[in-house]
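Chemist: Sharing a structure here in C-alpha cells format.
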Amino acid sequence: MKLGIIGLPQSGKTTIFTALTGARGEGETPGSFHKDAMLATVTVHDERVMFLTDMYQPKKTTYAKVEYLLPSKISGKAGSGPEGGIWNQVRPCDALLHVVRNFKDAREPTPESDFWKMEEELILSDLMVVEKRLERIELDKKRGKKPEGNEYSLLMSCKEILDKGLPLRTDQGLASEPELRGFTFLSAKSMLVIVNNGDEDESLPKWKKPPAGADMVLVRGRLEKDIALMDADEAEEFLEMYNIQESALDRLIRKSFSLLNLISFFTVGPDEVKAWPIPAGTIALDAAGVIHSDIKQGFIRAEVVAFDDLKNAGSLQEAKKRGQVRLEGKEYRMKDGDIVNFRFNV
C-alpha cells in the first residue's frame with residue numbers, strides 16, 4: 001500500500017512526511033523517480049499482532065507495512081504541467097494525501113482555495129489524458145478499427161464528470177472500473193485531505209465547498225514532527241500537554257486503511273505471526289493467493305477463527321472446543337481479524 005503526499009508549495013508536506021516517518025524512527029529511502037524524492041516504509045503497529053505474538057512466541061513477527069511517497073521538489077507550478085512533474089511520481093500510488101496549509105506565517109491561511117487550486121490541476125491532468133485517448137479512438141474509427149470493450153463509453157463518462165470540474169472519485173463505480181485502471185487517473189484515486197494547523201489550533205476550518213469525495217483530518221504538523229523526533233518519555237509528556245490522543249502516524253494509518261477499504265487477516269504458528277492487508281470483501285481463495293500462488297491453486301479449505309473468539313478462548317484448542325473454529329470454502333468473504341490456516345494440496 002503506497003500513498004503519495006501532494007500539496008501546494010509551503011503547505012508543510014515535508015513536515016508531515018517527517019511527522020509520519022519520524023514517529024517510528026524508520027527513516028526514509030531515496031525514491032526511484034528523482035534523487036530528491038523520498039519513500040518511507042512504516043510499520044502498522046497492530047495490537048492484535050502483539051497479542052498473537054505473545055500467544056504463539058514465534059521465531060518471527062511481521063506487521064503490515066504502509067509506504068509514503070514524498071515526490072521530488074519541482075520548480076514552477078505545483079504539478080509542473082499536467083503531463084509531468086509530481087504527477088508522474090504519484091500515479092503509481094494507491095491513494096493521495098493532500099496537505100493544505102492552515103497555519104499563519106507571512107500570509108493568512110487559505111486552506112479551501114489552496115485545496116481547489118491543486119484539485120483543479122488533478123482534474124485538468126485527467127481531462128487531458130481522456131481527450132488525448134478519445135482523439136486516438138476517433139482516428140482509429142476513421143481507419144476502420146473499432147474500439148474494444150466499453151473503453152469509449154467509459155471515457156466519455158469520465159469526460160462528462162471532468163468537464164464539470166469534478167474529480168472522478170465522485171463516481172466510485174467509474175473510478176474503480178477495471179477497464180480504466182491503466183490510465184492511473186489522479187482524480188480517481190482515494191484522497192485524504194490533511195489540514196496542517198498551527199501548534200495551538202485544534203479545530204478544522206469551515207469550508208463553503210467541502211472536498212468532493214474526500215475525507216479530512218487535522219494534523220498540527222510542526223508540533224507533531226517535533227514530538228515524532230523526541231524520545232518516548234518526552235513525547236508522551238508533550239502528547240498529553242497538547243491533548244493529542246495518538247500520533248499523526250497512527251491516525252493516518254487508520255485513515256489510510258479506511259481510505260483504501262482494507263482489512264487485515266492473520267496467519268499464526270511457531271515460525272511466524274503475520275498480518276496480511278487485503279481489500280474488504282476479498283474471498284478466501286484470493287486471500288490464499290496473497291500468501292502464495294501455490295496455496296491458491298491447491299486450495300481445499302480455510303480453517304478460520306475470529307481474533308476476538310481466540311482471545312477470549314485463550315487458545316486455539318479451547319476455541320475449537322467452543323465451536324468457534326470454522327471450515328470455510330473458496331467463496332467465503334474474509335473478515336477483519338480473521339486468523340486463518342489454509343489447507344491446500346499441490
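The numbers here are math on the coordinates, done by the rules we state, and not lab data. Keep in mind that this is a model prediction, so the values were computed, not measured. Counting neighbours? That spans all protein chains shown, and the Cβs are built from the backbone with ideal geometry, glycine included.
Chemist: When the helices in the chain are scored as -39500 (n - 2.57) per DSSP H run of 4 or longer and the sum is shared across all residues, what 222 nm value do you end up with, to the nearest 500 deg cm²/dmol?
Modeler: -11000 deg cm²/dmol
Chemist: With the contact rule set at Cα under 8 Å and sequence spacing of 6 or more, what percent relative contact order holds for the range 2-259?
Modeler: About 24 percent, as a whole number.
Chemist: How much of the DSSP beta bridge set in the chain is antiparallel, as a percent to the nearest 5?
Modeler: Rounded to the nearest five, the antiparallel share is 50 percent.
Chemist: Expressed in whole Å with the largest first, what are the equivalent ellipsoid semi-axes of the range 219-346 derived from the C-alpha gyration tensor as the square root of 5 times each eigenvalue?
Modeler: 37, 18, 13
Chemist: Would you list which aspartates and glutamates come within 12 Å of Lys206, measuring only between C-alpha atoms, while excluding same-chain residues fewer than 8 positions from it?
Modeler: Glu112
Chemist: Also, I was wondering about something else. Report the Cα-based extents of the range 142-290 along its three principal axes, largest first, to the nearest Å.
Modeler: 71, 53, 22
Chemist: Between Asp336 and Lys104, 0.36 nm times their residue separation minus their Cα-Cα distance comes to what?
Modeler: Net length gain for the segment: 79.4 nm.
Chemist: Continuing with this model, one more query. Dividing the convex hull volume of the Cα atoms of the range 229-271 by its residue count, what figure in Å³ per residue is obtained?
Modeler: Cα convex hull per residue, to the nearest whole number: 137 Å³.
Chemist: Need one number: convex hull volume per residue for the range 281-344, Cα atoms only, in Å³.
Modeler: Dividing the Cα hull volume of the range 281-344 by its residues yields 74 Å³.
Chemist: Sticking with this structure for a sec: Using R₀ = 45 Å, calculate the FRET efficiency as 1/(1 + (r/R₀)^6) where r is the Cβ-Cβ separation of Lys59 and Thr14; round to 0.05.
Modeler: It comes to 0.75.
Chemist: Further, regarding this structure: Which value results when the Cα radius of gyration for the chain is divided by 2.2 N^0.38 Å?
Modeler: Cα-based Rg divided by the globular estimate yields 1.13.
Chemist: Right, next: Place a point 7 Å from Cα of Asn345 in the direction of its Cβ. Which residues in the range 256-296 have their backbone N less than 17 Å from it?
Modeler: 294-296
Chemist: Now, a different point. Hey, which aspartates and glutamates would be in cross-link range of Lys274, C-alpha to C-alpha under 15 Å, not counting anything within fewer than 8 residues on its own chain?
Modeler: The reachable aspartates and glutamates, counting only those whose Cα sits under 15 Å from Lys274, are Asp46, Glu47, Asp54, Asp336, Asp338.
Chemist: Principal axis lengths of the range 166-236 from Cα atoms, whole Å, largest first?
Modeler: In descending order, the Cα extents are 51, 30, 14 Å.
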